[in-house]
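Structure first, commentary second.
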Amino acid sequence: QVQLVESGGGLVQPGGSLRLSCAASGDIFSTYAMGWYRQAPGKQRDLVARITGGAITVYAGSVKGRFTISRDNLKNTLYLQMNSLKPEDTAVYYCNAFKSPRNYWGQGTQVTVDS
C-alpha cells in the first residue's frame with residue numbers, strides 16, 4: 001500500500017509559477033513509476049507528466065517546455081515545477097504511483113490560473 005499526499009496548489013496569475021509536491025509513504029518509492037495527472041471540470045483525467053524510477057520522463061504536449069517533473073528517492077517525494085502557467089492549466093492535479101498491478105492516487109490539489 002502506498003499513501004500519496006499532494007501539496008503546493010493555489011491561485012496564480014497567468015505567466016506565474018507553482019511547484020507541486022507529492023509525499024509518498026508505505027512502500028519502496030524508488031520502485032514505482034510516478035506521474036502527475038490533471039482533471040478540469042467536466043473533463044477526463046489526463047496525463048501531465050510521468051517519470052520512471054530511473055528518471056526517464058514523458059510530458060503531455062501541452063506542457064512540454066513549461067513543466068518539469070522530478071523525484072527525490074531519498075525524500076520519497078515527487079515534484080512538478082510549473083512555469084508560464086496559462087488559464088487552461090486550471091485543474092485538480094493528482095499524483096499517481098504505478099507498479100503493476102498496483103496503482104495509487106493522491107487526493108488531488110487545486111491549481112487555478114486566473115488574473
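The values are calculated or read from the model by the stated rules, or taken from the named source; none is laboratory data. Computed from a prediction, not measured in an experiment: that's the story for all the values here. Here the Cβ positions follow ideal geometry from the backbone for every residue, glycine too, while neighbour counts run over all protein chains shown. The accessibility values were calculated without ligands, DNA or RNA, using every heavy atom of the protein model including side chains. Shrake-Rupley method; radii C 1.70, N 1.55, O 1.52, S 1.80 Å.
Being at positive phi and either at pLDDT below 95 or open to solvent by 60 Å² or more (accessible area, probe 1.4 Å) (or both): is that true of G10 here?
In short, no.
Can you report the number of residues in the stretch 40-70 which are assigned to a strand (DSSP E or B) and in contact with a Phe, Trp or Tyr (Cβ under 7 Å, 6 or more places away or on another chain)?
Residues that pass the stated criteria total 8.
Among V111, V58, which is the only one that is in contact with a helix residue (DSSP H, G or I) (Cβ under 8 Å, 6 or more places away or on another chain) and at pLDDT 95 or above?
The conditions single out V111.
Can you pull out every residue in the stretch 53-75 that is open to solvent by less than 50 Å² (accessible area, probe 1.4 Å) and over 13 Å from the mean Cα position of the chain (by Cα)?
G53, R66, D72
Could you list all residues from the stretch 43-54 that are modelled with pLDDT of 95 or more and either hydrophobic (A, V, I, L, M, F, W, C) or over 21 Å from Q3 (Cβ atoms) (or both)?
K43, Q44, D46, L47, V48, A49, I51
Consider M82 against the criteria (1) under 14 Å from the mean Cα position of the chain (by Cα); (2) more than 28 Å from Q1 (Cβ to Cβ); (3) open to solvent by 30 Å² or more (accessible area, probe 1.4 Å): it satisfies all of them except one. Which criterion is unmet?
The number of the failed condition is (3).
May I ask you to say which residue of V48, V5 is surrounded by fewer than 19 Cβ atoms within 10 Å (Cβ to Cβ) and under 16 Å from the mean Cα position of the chain (by Cα)?
V5
Condition first: free of Cβ contacts under 8 Å to residues at least 24 places away in the same chain and either open to solvent by 70 Å² or more (accessible area, probe 1.4 Å) or outside any helix (DSSP H, G or I) (or both). Can you find one or more residues in the stretch 22-34 that meet it?
Within the stretch 22-34, one or more residues are free of Cβ contacts under 8 Å to residues at least 24 places away in the same chain and either open to solvent by 70 Å² or more (accessible area, probe 1.4 Å) or outside any helix (DSSP H, G or I) (or both).
Quick check, is Q110 of a type in the set (S, T, N, Q), touching a residue at least 40 places away in the same chain (Cβ under 8 Å) and out of contact with any His (no Cβ under 9 Å at 6 or more places or on another chain)?
So Q110 fits the description; yes.
Suppose we filter the stretch 85-113 for residues that are open to solvent by 60 Å² or more (accessible area, probe 1.4 Å) and either part of a loop (DSSP other than H, G, I, E, B) or aromatic (F, W, Y) (or both); how many remain?
Qualifying residue count, the stretch 85-113: 6.
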